Every structure is written in structure tokens, then in C-alpha cells.
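Visitor: Here it is, the structure, as C-alpha cells.
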Amino acid sequence: MKDKMIKVLFVCLGNICRSPMAEFVMKQMVAEKGLANKFEIASAATEGYNEMVHEALDYRAADMLRQMKVPFTQHYSRQIRKSDYAKFDYILAMDDNNVRDILNIVGGDKDHKVHRLLDFTQNPRPVKDPWYTGNFDEAYWDIYEGCQAFLDFLNNAKILGTP
């Protein structure tokens with residue numbers, strides 16, 4: 001019997017900096033561990049403007065991914081939809097405003113799927129938005145730490161099924 005896919009959606013305000021960086025970092029991490037076939041990983045925004053104007057990955061986020069040798073593909077912003085709540089097992093937000101907006105869009109969190117990414121770390125905190133701060137290094141390392149801690153959580157909870 002085929003193992004159930006773990007479906008993860010990363011969410012930030014505009015889906016052009018933090019959440020796509022998290023999507024590509026997580027894809028690289030699971031690929032390096034030979035787990036890519038166990039995951040479906042995507043990203044989305046809480047607001048719809050960038051989707052409406054077909055906004056691509058921010059060039060500074062792309063530069064940071066290149067600098068860290070994280071492979072990425074062409075990416076365009078999309079807004080989270082109510083139907084995403086049923087589709088994804090984990091909806092990982094970058095900050096408290098994202099959590100609030102996600103809950104408003106999907107209509108609550110009865111299945112406890114919505115978390116801040118860095119809540120899985122030893123130092124829970126928001127991932128600051130580098131679009132405003134310009135600090136893509138800090139955002140990258142927070143995202144990297146969060147993705148690693150999330151994978152550790154899945155492994156420790158025996159969700160991954162790895163030894």
C-alpha cells in the first residue's frame with residue numbers, strides 16, 4: 001500500500017518572498033533526505049493583489065535562494081483558498097497576521113492544521129517580512145531553521161515513517 005502524501009502549504013502575505021522561499025527550501029530538504037515522493041509542497045498568500053497582477057518571486061528572494069544553492073522554479077503568487085484547508089495537512093504561516101488572515105479565509109481551524117513555521121523550533125517567533133526589512137539573510141535562516149524543525153517534528157511524531 002502506498003504511503004499517504006504529507007501535504008504542506010506555506011503561507012505569507014504576498015507569496016513572493018517568505019512562503020515561496022520556504023516552499024523551495026523544504027523541497028530541497030526532503031529531496032536531500034530521499035523523501036520527495038512523500039511530500040506535496042506549495043505556497044500561497046493571504047492577500048490576492050499579487051495573484052491578480054501575476055507577480056513573480058521577488059528578485060531578492062530568488063537571489064538569496066541562488067546564493068544558498070537552493071533550486072527553484074518559476075513561481076507566481078496565488079492566494080490561499082478555502083478549499084486549501086481540506087487539501088493540505090499542514091498550513092504553515094510566517095507570522096501572526098498570516099495566521100489570523102488564514103483563519104478568516106478558510107473559516108477556522110477545527111483540525112488544527114494552521115501553525116506558524118517557527119513554532120516548531122526551540123525559539124518560536126514570526127519570520128519577519130524581508131520585503132519590508134530588506135533582510136533576506138535573516139528570513140532565509142529563520143525559514144531554514146523552521147523547515148528543519150518541522151521535519152524533526154514529523155519524524156519524532158512518526159508521521160514520516162522513517163527510522
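The values are calculated or read from the model by the stated rules, or taken from the named source; none is laboratory data. Note that this is a predicted model, so its numbers are computed, not measured. Note: ideal-geometry Cβ built from the backbone for every residue, glycine included; neighbour counts use all protein chains shown.
Visitor: Lys158: under 12 Å from Cys12 (Cβ atoms) and either assigned to a loop (DSSP other than H, G, I, E, B) or not polar (S, T, N, Q) (or both), yes or no?
Guide: Working: under 12 Å from Cys12 (Cβ atoms): no; either assigned to a loop (DSSP other than H, G, I, E, B) or not polar (S, T, N, Q) (or both): yes.
In short, no.
Visitor: Answer with yes or no whether Leu65 is touching a Gly at 6+ places or on another chain (Cβ under 6 Å), among the aliphatic types (A, V, I, L, M) and under 20 Å from Val25 (Cα atoms). Break it down stepwise before answering.
Guide: Numbers: touching a Gly at 6+ places or on another chain (Cβ under 6 Å): no; among the aliphatic types (A, V, I, L, M): yes; under 20 Å from Val25 (Cα atoms): yes.
No.
Visitor: Go through (1) buried (at least 20 other Cβ atoms within 10 Å of the Cβ); (2) in contact with a helix residue (DSSP H, G or I) (Cβ under 6 Å, 6 or more places away or on another chain); (3) touching a residue at least 24 places away in the same chain (Cβ under 8 Å) for Thr121 and report which single condition fails.
Guide: (1)
Visitor: Those residues that are without any contact (Cβ under 8 Å) to a residue 60 or more places away in the chain and closer than 12 Å to Ala45 by Cα, I need them from region 72-87; list them, please.
Guide: Scanning region 72-87 gives Tyr76, Arg81.
Visitor: Could you give every pair whose Cβ atoms fall below 7 Å, whose first residue belongs to region 97-108 and is at pLDDT 95 or above, and whose second residue is part of a helix (DSSP H, G or I) and of a type in the set (Lys, Arg), counting only separations of at least 6 or pairs across chains?
Guide: Going by the 7 Å Cβ cut-off, the qualifying pairs are Ile105/Lys82; Val106/Lys82; Gly107/Lys82.
Visitor: Which one is surrounded by the most Cβ atoms within 10 Å (Cβ to Cβ), of the residues in region 124-140 that are among the charged types (D, E, K, R) and in contact (Cβ under 8 Å) with a residue 60 or more places away in the chain? Please lay out each step first, then the result.
Guide: Of region 124-140, the ones among the charged types (D, E, K, R) are 125, 128-129, 137-138.
Restricting the remaining residues to those that are in contact (Cβ under 8 Å) with a residue 60 or more places away in the chain gives 129, 137.
Values: Asp129: 18, Asp137: 12.
So, considering only residues that are among the charged types (D, E, K, R) and in contact (Cβ under 8 Å) with a residue 60 or more places away in the chain, the one surrounded by the most Cβ atoms within 10 Å (Cβ to Cβ) is Asp129.
Visitor: Another question, if that's okay. So, in region 15-29, how many residues would count as being out of contact with any strand residue (DSSP E or B) (no Cβ under 8 Å at 6 or more places or on another chain) and within 16 Å of Ile102 (Cβ to Cβ)? Write out each step before concluding.
Guide: Our first condition is that a residue be out of contact with any strand residue (DSSP E or B) (no Cβ under 8 Å at 6 or more places or on another chain); within region 15-29, this holds for 17, 21, 24-25, 28-29.
Adding the requirement that they be within 16 Å of Ile102 (Cβ to Cβ) leaves none.
So the answer is 0.
Visitor: So in region 16-58, with the set limited to residues that are touching a Lys or Arg at 6+ places or on another chain (Cβ under 6 Å) and either touching a residue at least 60 places away in the same chain (Cβ under 8 Å) or surrounded by 16 or more Cβ atoms within 10 Å (Cβ to Cβ) (or both), which one is nearest to Asn155 (Cα to Cα)? Break it down stepwise before answering.
Guide: Step one: of region 16-58, the residues touching a Lys or Arg at 6+ places or on another chain (Cβ under 6 Å) are 40-41, 44, 51.
Checking the rest, the ones that are also either touching a residue at least 60 places away in the same chain (Cβ under 8 Å) or surrounded by 16 or more Cβ atoms within 10 Å (Cβ to Cβ) (or both) come to 41, 44, 51.
Working: Ile41: 17, Ala44: 25, Glu51: 34 Å.
Checked region 16-58; the qualifying residue nearest to Asn155 (Cα to Cα) is Ile41.
Visitor: Same structure again: Do we have any residue at all in region 140-154 that's within 15 Å of Glu23 (Cβ to Cβ), in contact with a Ser or Thr (Cβ under 7 Å, 6 or more places away or on another chain), of a type outside the set (Lys, Arg) and modelled with pLDDT of 95 or more?
Guide: yes
Visitor: Given the condition charged (D, E, K, R), under 25 Å from Glu138 (Cβ atoms) and more than 14 Å from the chain's Cα centre (by Cα), answer yes or no: does some residue in region 65-88 qualify?
Guide: Yes, region 65-88 contains at least one residue that is charged (D, E, K, R), under 25 Å from Glu138 (Cβ atoms) and more than 14 Å from the chain's Cα centre (by Cα).
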